[in-house]
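K.L.:
Please see the structure below; I have some questions.
The values are calculated or read from the model by the stated rules, or taken from the named source; none is laboratory data. If you're wondering where the values come from, they're calculated on a predicted model, not measured in any experiment. Note: ideal-geometry Cβ built from the backbone for every residue, glycine included; neighbour counts use all protein chains shown.
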Amino acid sequence: MAKNLKVAQPYANAFIQMTSGKKDSLDKVIADLTSIEAALESKDLVQALSNPLISVDGKKTMIKSVFQGKIDNSSLNFLLVLCDRGRINLLEGVTSLALEMAYKQASVEVAYVVSASEMSDSQQETLIAKLKSMANVKQVKLEVKVDKTLIGGFTVQIGSKVVDTSISGQLAKLASHLGASSPQ
């Protein structure tokens, strides 16, 4: 995947340069990239776009049917250029990198949260407020995943900082202090 990200980086840069510059465009770019990322959760779509047996025209038709009317025309045209260049198979990496760059331009810090259970909206808002003051940033976007093996609590990674309030993390620390191997 690292090689793919290296190849995807120039396309992500090009996407951000092409779509930014207009007033309020950054919010639109983030919305478009979020829509593309959501569509790519369909593994069938990802496999079809990566399938070498499907023609470029077939992939362009697929892109238009999935995204036309849902994202800005300049974003759609960029996806069609990726098809023409034979790089549509990099769409996941390009989208991920471009979204990261767009958040950085918009001064939005992304916090990756792994929680033992679903977090309510009020819990997420409280966490965002705490993370804003902790990281000294204006905006925080949460990327939340659920992992029941944490038993309880959550872990947060924002930038290079990691906060582990999970029960499994606390047990591992306790085991470490007692000189035992960490629990499984």
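K.L.:
Quick check on this structure: which one of GLY93, GLY152, GLY159 is assigned by TED's automatic domain parsing to the domain that holds TYR11 and in contact with a helix residue (DSSP H, G or I) (Cβ under 8 Å, 6 or more places away or on another chain)?
P.N.:
After ruling out the rest, the residue left standing is GLY93.
K.L.:
Follow-up. Every residue in region 103-143 that is among the aromatic types (Phe, Trp, Tyr), part of a strand (DSSP E or B) and more than 17 Å from VAL163 (Cβ to Cβ), please.
P.N.:
The answer is none; no residue qualifies.
K.L.:
Pick from SER96, SER117, SER75, SER35: which is within 24 Å of GLN9 (Cα to Cα), touching a strand residue (DSSP E or B) at 6+ places or on another chain (Cβ under 9 Å) and among the polar types (S, T, N, Q)?
P.N.:
Just a single option satisfies the conditions, and that option is SER35.
K.L.:
Could you run through region 26-69 and say how many residues are exposed (fewer than 13 other Cβ atoms within 10 Å of the Cβ), part of a helix (DSSP H, G or I) and either touching a Phe, Trp or Tyr at 6+ places or on another chain (Cβ under 7 Å) or not small (Gly, Ala, Ser) (or both)?
P.N.:
Count: 5.
K.L.:
Of all residues in region 70-122, which are within 14 Å of the chain's Cα centre (by Cα) and farther than 22 Å from LYS132 by Cβ?
P.N.:
Those that are within 14 Å of the chain's Cα centre (by Cα) and farther than 22 Å from LYS132 by Cβ: LEU91, GLU92, GLY93, VAL94, THR95, SER96, LEU97, ALA98.
K.L.:
May I ask you to say which residue of ALA135, ALA106, ALA102 is among the small types (Gly, Ala, Ser), buried (at least 17 other Cβ atoms within 10 Å of the Cβ) and within 26 Å of LEU33 (Cα to Cα)?
P.N.:
Sole residue among the options that is among the small types (Gly, Ala, Ser), buried (at least 17 other Cβ atoms within 10 Å of the Cβ) and within 26 Å of LEU33 (Cα to Cα): ALA102.
K.L.:
I would also like to ask the following. Of a type in the set (Ser, Thr, Tyr), modelled with pLDDT of 85 or more and surrounded by fewer than 14 Cβ atoms within 10 Å (Cβ to Cβ): does that describe THR165?
P.N.:
no
K.L.:
Next question. Is it fair to say GLU143 is of a type in the set (Asp, Glu) and buried (at least 17 other Cβ atoms within 10 Å of the Cβ)?
P.N.:
no
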